[in-house]
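Undergrad: The structure follows.
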Amino acid sequence: MTLESLKDKTLRGIHDLKKDIAETCAAQEAKVHQLKVVAQTGGLGGLLNTILHPSPAPEGKIKNGTFTNWGGNQSFKPTEILNPETLEDLVDIVHKAQKTGKKIRCAGSGHTWSSSSVTDGYLVVMNKMQKVFEPVFDSEKGWTVELETGVLVSDLDNALRRHNPPLALPSNVVLDSVRYGGILSLGCHGAGTYTRTLPDLVSEVKIVDATGTLNTFTPEKNPEEFSAACVNLGLLGLIYTYTMRVEPMFKMHMTDTYPPLSDYFASSELSGPKLKAMVLANDSTEIFYWPFNTAGLGRANDHLWIKQWQRTKDLPVTVSPSKEGFTKLWQGYETEFGEHLYEHMATHPSSAPFVNCLLFQAIGGKDAEVVLEAPDAIHYQAGIDNLPCVDMEMALKVNEDFSNVVVAWNFVIDQLYEYAKRGEFPLNLTLEMRFVKASSLLMSAAYDEDPEAIYCMMEILSVKNTKGFDEFASMIAKFWMDQFNARPHWAKMWEYVPGIVPYLRKQSGDRYNRFETVRRKYDPSGMFMNATFAGILGH
């Protein structure tokens, strides 16, 4: 397909797209009208209630005994779905599995794309385990807080804000509607150049093993077992609580810029050092690339979206709590609007260049800066849940001049435009990267024996049901693996990548074997094992 014919095909789809946009705008106007009615009938109090208590975020679904994850790519029917509320319930579930010979896996909000929760035995949904214990201060360890594994990110944020003094995590994931059991046990991360992954903030883990015994793991008691327990993949038992290190509330200066793509990704030799200087100067850095974000099918004029965070003691917060609430509420409406446009792209692939250019011009391009309290800065975008998508992410160890990051990034964009020449658009949402310090935890994707190493967490996302995504993502993953020894993020999509299990066994088998030694101690019969991790651990 030539570029001209592709443009013609895209133009023929614009009529349908305009119709979708008109319908979506009408829905958005209805939302705004509803908000005005709330304000008029409920007064300021009613409006603030809407802001502070919005509709629940989308989660995985349970229907007729079948569990389907949020992304819609995993659906299975376990023998039984259990909803524990107490530690005693967890122990009872293990004893029940002992008697019936059933296996156990866990789930929370269902935002994991991999099949880590899949089982034909008991599925334990931890969402009712939501207790946040009173934070504790120790003169040597500082502040820590213990929490059950069903606690939402937003609920912990709120509990820590209410504490005297107010507290916060030094880094976190962007999404605040996921639960800590999943994000910690699977090794999730935020954007923290000097704060490592989320599980690296853990100081204690309590897990009910295959005998129904509650075990407490700490680095002082047994460093190897503690390392395995932090990123345990749900394989050591039912996780009761995590204890995490927190600190007094702090502020972050956050900037948004939209430079040309060529400013940071012209060539590995020139761009690598420039990228390195920016990343090392920030506490956090996140870079996005929207495919086809400027007119014409070529990368020459495309732009980036770069978010940078720096801690500040001197600058005052520039956004009031009420305005921040309005911002989050409106972001939710914006993502609902975007969902309709992205659904159009999934069913009309050739419209991807037009839609992405339209959205980028509407949303991006205006540099901005704000000073916010840490949780508001970290969770900068509300309503992400409104865009069901597919996601493949890998961890790449950054080399000395960051040149390998530039090569890995540019390969995706080169392939994106090669596919576009053929009229194929398997990547239509975003290409993204974040940076974290190396992890010391055995099963972390960012594991490294050098504590000063930096890892780039690079991912590609497309709208749910996008044709050709698995094939495209597998090709990208294979390149990253072959060129940079990349490792998959366990919570994202990786199992379909050809040859990935033998690749990981060859690359990290010794480390995985160390984890397996710990796992067998606490679950010798494989009560908590599933097919996702069996091959990785040499079964």
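The values are calculated or read from the model by the stated rules, or taken from the named source; none is laboratory data. Please read these numbers as outputs of a predicted model, since none were measured by experiment. Neighbour counts are summed over all protein chains in view; Cβ atoms, including those assigned to glycine, are modelled from backbone coordinates with ideal geometry. Please note that ligands, DNA and RNA were not included when accessible areas were found on the heavy atoms of the full protein model with its side chains. Shrake-Rupley method; radii C 1.70, N 1.55, O 1.52, S 1.80 Å.
Undergrad: Accessible area per residue, 1.4 Å probe, Å², for the chain: what's the number? Write out the running numbers ahead of the final one.
TA: Numbers: 22480 Å² over 539 residues.
Per residue, the chain has an accessible area of 42 Å².
Undergrad: Which ³J(HN,Hα) values, rounded to whole Hz and listed in residue order, are derived for segment 394-410 from phi using the Karplus coefficients 6.51, -1.76 and 1.60 in 6.51 cos²θ - 1.76 cosθ + 1.60 with θ = phi - 60°, glycine and proline given as x?
TA: Karplus values, whole Hz, x for Gly and Pro: 9, 9, 10, 6, 6, 7, 4, 9, 6, 5, 5, 5, 5, 5, 4, 5, 5.
Undergrad: Moving on to the next point. For segment 379-388, in order, what is each residue's ³J(HN,Hα) by Karplus, 6.51 cos²θ - 1.76 cosθ + 1.60 with θ = phi - 60°, in whole Hz (x at glycine and Pro)?
TA: These are the phi-based 3J(HN,Hα) values: 8, 6, 10, 8, x, 4, 4, 6, 10, x Hz.
Undergrad: Sticking with this structure for a sec: Using a ≥ b ≥ c from the Cα gyration tensor of the chain (square roots of the eigenvalues), is it rounded, prolate or oblate, where a/c under 1.5 gives rounded and otherwise the larger of a/b and b/c decides, a/b for prolate?
TA: rounded
Undergrad: Setting aside same-chain residues fewer than 8 positions from LYS63, which lysines have a Cα under 22 Å from its Cα?
TA: The reachable lysines, counting only those whose Cα sits under 22 Å from LYS63, are LYS77, LYS102, LYS103, LYS128, LYS464.
Undergrad: While we're looking at this one, here's another question. So which of LYS96/LYS141; LYS313/LYS492; LYS467/LYS492 end up more than 30 Å apart by C-alpha?
TA: Details: LYS96/LYS141 38 Å; LYS313/LYS492 36 Å; LYS467/LYS492 18 Å.
Distance filter (> 30 Å) returns LYS96/LYS141; LYS313/LYS492.
Undergrad: Percent relative contact order of the chain, based on C-alpha pairs within less than 8 angstrom and at least six residues apart? Kindly include the intermediate steps, with their values, before the conclusion.
TA: Working: 1097 pairs, mean separation 93.7, N = 539.
This gives 17 percent for the chain.
Undergrad: Among the aspartates and glutamates, which fall within straight-line cross-link reach of LYS521, defined as a Cα-Cα distance under 12 Å, with same-chain neighbours fewer than 8 residues apart omitted?
TA: ASP209, GLU225
Undergrad: How far apart, in nm, are the 7 Å Cα→Cβ label points at LEU297 and SER525?
TA: If labels sit at LEU297 and SER525, their model points lie 5.9 nm apart.
Undergrad: Enter the accessible area of ASP470 (Å², nearest 10), with the probe set to 1.4 Å and all protein chains included.
TA: 80 Å²
Undergrad: Let me ask another. Against the longest alpha carbon principal axis of the chain, how many degrees, from 0 to 90 and to the nearest 10, is the axis of helix 352-363 turned?
TA: 90 degrees
Undergrad: Next question, about the same structure. Could you rank LEU442, LEU387 by how accessible they are, 1.4 Å probe, largest area first?
TA: LEU387, LEU442
Undergrad: Order the peptides 485-491, 497-503, 408-414 from the highest to the lowest mean number of other Cβ atoms within 10 Å of their residues. All intermediate terms of the calculation are to be shown ahead of the outcome.
TA: On the way: 485-491: 22.4, 497-503: 15.3, 408-414: 18.3.
Final packing ranking: 485-491, 408-414, 497-503.
Undergrad: Using a Förster radius of 56 Å, what is the FRET efficiency between LYS131 and PHE479 based on their Cβ-Cβ separation? Nearest 0.05, please. Spell out each step's value before the answer.
TA: Details: r = 45 Å, r/R0 = 0.80.
Working from the Cβ atoms, E equals 0.80.
Undergrad: Starting at the first residue of segment 223-232, write each ³J(HN,Hα) from the Karplus equation 6.51 cos²θ - 1.76 cosθ + 1.60 with θ = phi - 60°, in whole Hz, x for Gly and Pro.
TA: x, 5, 5, 4, 4, 5, 6, 5, 10, 9
Undergrad: What is the set of long-range amide H partners of ILE104 at a cut-off below 5 Å, with H atoms built 1.01 Å from backbone N?
TA: It is TYR122, PHE528, MET529, by chain and number.
Undergrad: Once amide H atoms are placed 1.01 Å from N in the peptide plane, what residues at a sequence separation of 5 or more from THR241, or on another chain, have their amide H within under 5 Å of its amide H?
TA: Here the answer is LYS206, since their amide H atoms fall under 5 Å of that of THR241.
Undergrad: Check ARG196: other-chain or 5+ apart residues with amide H under 5 Å from its amide H, H built from backbone geometry?
TA: LYS437
Undergrad: From the convex hull of the Cα coordinates of segment 356-496, what is the mean projected area in square nanometres? Display every interim value, and only then the final one.
TA: Details: hull surface 42.2 nm².
Mean projected area for segment 356-496: 10.6 nm², to one decimal.
Undergrad: Straight-line reach only, C-alpha to C-alpha below 17 angstrom: list the lysines that LYS276 could link to, leaving out same-chain residues fewer than 8 apart.
TA: Cα-Cα hits under 17 Å: LYS307, LYS397, LYS437.
Undergrad: Let me ask something else about it. Express the carbon and sulfur contribution to the solvent-accessible surface of the chain as a percent, rounded to the nearest whole number, probe 1.4 angstrom.
TA: Numbers: 12110 of 22480 Å².
Ligands and nucleic acids excluded, carbon and sulfur give 54 percent.
Undergrad: Quick check on segment 49-142: take the gyration tensor over C-alpha atoms, sort the square-rooted eigenvalues as a ≥ b ≥ c, and tell me if it's rounded (a/c under 1.5), prolate or oblate.
TA: Details: a/c = 2.11, a/b = 1.22, b/c = 1.73.
Oblate.
Undergrad: So for the pair THR347, ARG311, with labels modelled 7 Å out along Cα→Cβ, what separation do we get in nm?
TA: 4.9 nm
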